[in-house]
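Take a look at the structure set out below.
No value in this document is a laboratory result; all are computed from the given coordinates. No experiment lies behind these values; they were computed from the predicted model shown. Positions of Cβ are generated from backbone atoms using ideal geometry, with glycine treated the same way; all protein chains shown enter the neighbour counts.
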Amino acid sequence: MRYYVTTPIYYVNGEPHHGHAYTTIAADVLARYHRQKGDDVFFLTGTDEHGTKIAQAAAERGLTPKQHVDQMAPRYRELAAAVGASNDFFIRTTDREHEAFVQAFVEKLKAAGDIEKRTYGGLYCTACEGFWYERDLVDGKCPDHGVEPVWLEEENYYFLLSRYQDRLAEFFRANPGWVQPKSRYNEALSFITQGLEDISISRSSITWGIPVPWDEEQVIYVWVDALINYLSALSYARPGEDLTARYWPAFHFLAKDILKFHAVIWPALLMSAGCELPTGELIHGYLLVGGEKMSKTRGNVLDPFAVIDEIGAEPLRYYLMREVTLGQDGDVSVDGLYARYNNELANELGNLVSRTASMIAKYRKGSIPQAGPEAEALDVVADEGEAMVRAAGAHYDAAEVTAALEAVWEFVRRLNRLVEEEAPWKLAKDEAQAGRLDAALRSLAAGLRLTALSLYPVVPSTAVEILRRLGQPHGDDDLLLANATWEKLAAAAVEVAPPLFPRLERGA
Ligand code: MSP
């Protein structure tokens, strides 16, 4: 199976924040899960660097747009690396290859007869880089940014979006799961059936963009330029190799702010250019701070670099995936992050790993015991462990990462209860219980091994470290879910090491 997953490419008008981290982490979780299934995965993220918004940000800093984007884009690349993203490529829309690809793509739209020159007028929100219909404004303001759009009128090239209304509606009806969750599917479909107007796909008032190939006076509208990244990247991510046939079509991750562009305009552009449509789109909600959307425009952002410096990327990945269900909005806070860190990562998981390793060290000279006849008494835990792997997998398959984590955590709690129920320190005092002690210690190690494999997509380094401490193989092939069976536990030597997640005292 092939799996091509993308994040939106982020505007480089300001510093990256948790909102960007969130989408990148979510897409990374799915990319890693699919690799564990043995799929051939390509994972793309990157930056959106043209348009008015960027040109304005550059001007405010007294820089040329090019100087500005060359300073800012690396911050987004650093963020992807800092959160542990396993992206196969990082695209910048100022890449020469992307620019040439976009020009060739719009030529296809023109050849299809879908481009016309007209005077275009509309209400434009620079923060969105998009036009709004009057009917969709709230008190005359952009519902996403709370600013009044300005009337913009220019002679531009139009893409005849209206021509695609019926084909889009038909496609939506034939593919009811194409946009998830259902509420966003309904929103996109109703947007289509309310009537689509043709859209301007070029600008003559700005110069910071990709020139329209047949008219150097105009640049291509930043959203058209940006959407095409999902295709262009495949043409040059590997020098000398075109990956399009291998990976296209993609599965897109994005938040609801840019639904219309991805679920309406993008498929129409692809239809016009004769390309296959994406396999699906997952629309997630917003991270909120005190009930308000976190955004650069609102100035209420939490800095992911600061959090990662302080406590590491894995707790942040865990927290965001656990706290905010994909598809819904959710409040995030540093207090909430610390609480989950201490209660779940330090106490429930980290302690379990430490206790398991130190009991094996103390009672079995550091080696995981072989399964003896007494292991049968704990077969029920083996069944629960394998059921957990299946349940988590079904949730990951449906991009329900929070639910996958809940399934894993239920099992982590089960293993903690097993420690209390079996009380190995008591069994160790009675030679007649040696077989039962073997079984209990072995079950804890086997259970932790399955836990690590099922947690791998969310906290990859932690998962590998748990396997390493348990003396289990942990190379890429060993992480495949095909190995996630109870029986595959190696009777290896364990390592007792400092806590995986030292408890945090929250002073700051
Ligand atoms: N450049 C466009 C996207 C072009 S894609 C062809 C853009 N960029 S953006 O920098 O504004 O990023 C928007 C995306 O960042 C959202 O769709 C979402 O994935 C992520 N988020 C930004 N703020 C967010 C929150 N507060 N919460 C969750 N995700 C957020 O739009």
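For Glu420, what charge total do you get from the other residues with a beta carbon under 14 Å from its beta carbon, if Lys and Arg give +1 and Asp and Glu give -1? Cβ neighbours under 14 Å give a net charge of +2. A helix-only calculation puts the chain at -14000 deg cm²/dmol for mean residue ellipticity at 222 nm, using -39500 (n - 2.57) for each DSSP H run of at least four residues, averaged over all residues.
From the Cα gyration tensor of the stretch 61-208, with a ≥ b ≥ c the square roots of its eigenvalues, which class applies: rounded if a/c is under 1.5, or else prolate if a/b is larger than b/c, or else oblate? Rounded, since a/c falls under 1.5.
Rounded to the nearest 20 debye, the dipole size of the stretch 276-419 about its Cα centre is 600 debye, using +1 on the Cβ of Lys and Arg and -1 on the Cβ of Asp and Glu.
Relative to the globular-protein estimate of 2.2 N^0.38 Å, the Cα radius of gyration of the chain stands at 1.10.
When a footprinting reagent is the concern and you count Cβ atoms within 10 Å, what order do Asp198, Asp215 take, fewest first? Please report the intermediate quantities before stating the final value.
Numbers: Asp198 17, Asp215 13.
Placing the least packed residue first, the sequence is Asp215, Asp198.
When both bridge partners sit in the stretch 198-326, DSSP labels roughly 60% of those beta bridges antiparallel.
Could you give log10 I(q)/I(0) at q = 0.14, 0.16, 0.24 Å⁻¹ for the stretch 321-420, computed by the Debye formula over C-alpha point scatterers of equal weight, without solvent? Those come out to -0.70, -0.86, -1.31, one per q. Of all beta bridges that DSSP places with both ends in the chain, some 50 percent have antiparallel geometry.
Alpha carbon centre of the stretch 396-471 versus the stretch 46-123: separation in Å? Their Cα centres are 46 Å away from one another. Pick out, from Val412, Gly290, Ala57, the residue whose Cα sits farthest towards the positive end of the charge dipole of the chain, with +1 on the Cβ of Lys and Arg and -1 on the Cβ of Asp and Glu. Positive-end residue among those listed: Val412. Within the chain, the selection of entire DSSP H helices by a Cα span of 30 Å or greater along the long axis and an average Kyte-Doolittle value of at least -1.0 returns 401-422, 434-455. Checking Cβ-Cβ separations below 4.7 Å across the chain identifies Cys275 as cysteines lacking any candidate disulfide partner.
With a simple spin-label model that places each label point 7 Å from the Cα along the Cα-to-Cβ direction, the separation between Phe305 and Asp478 comes to 3.5 nm.
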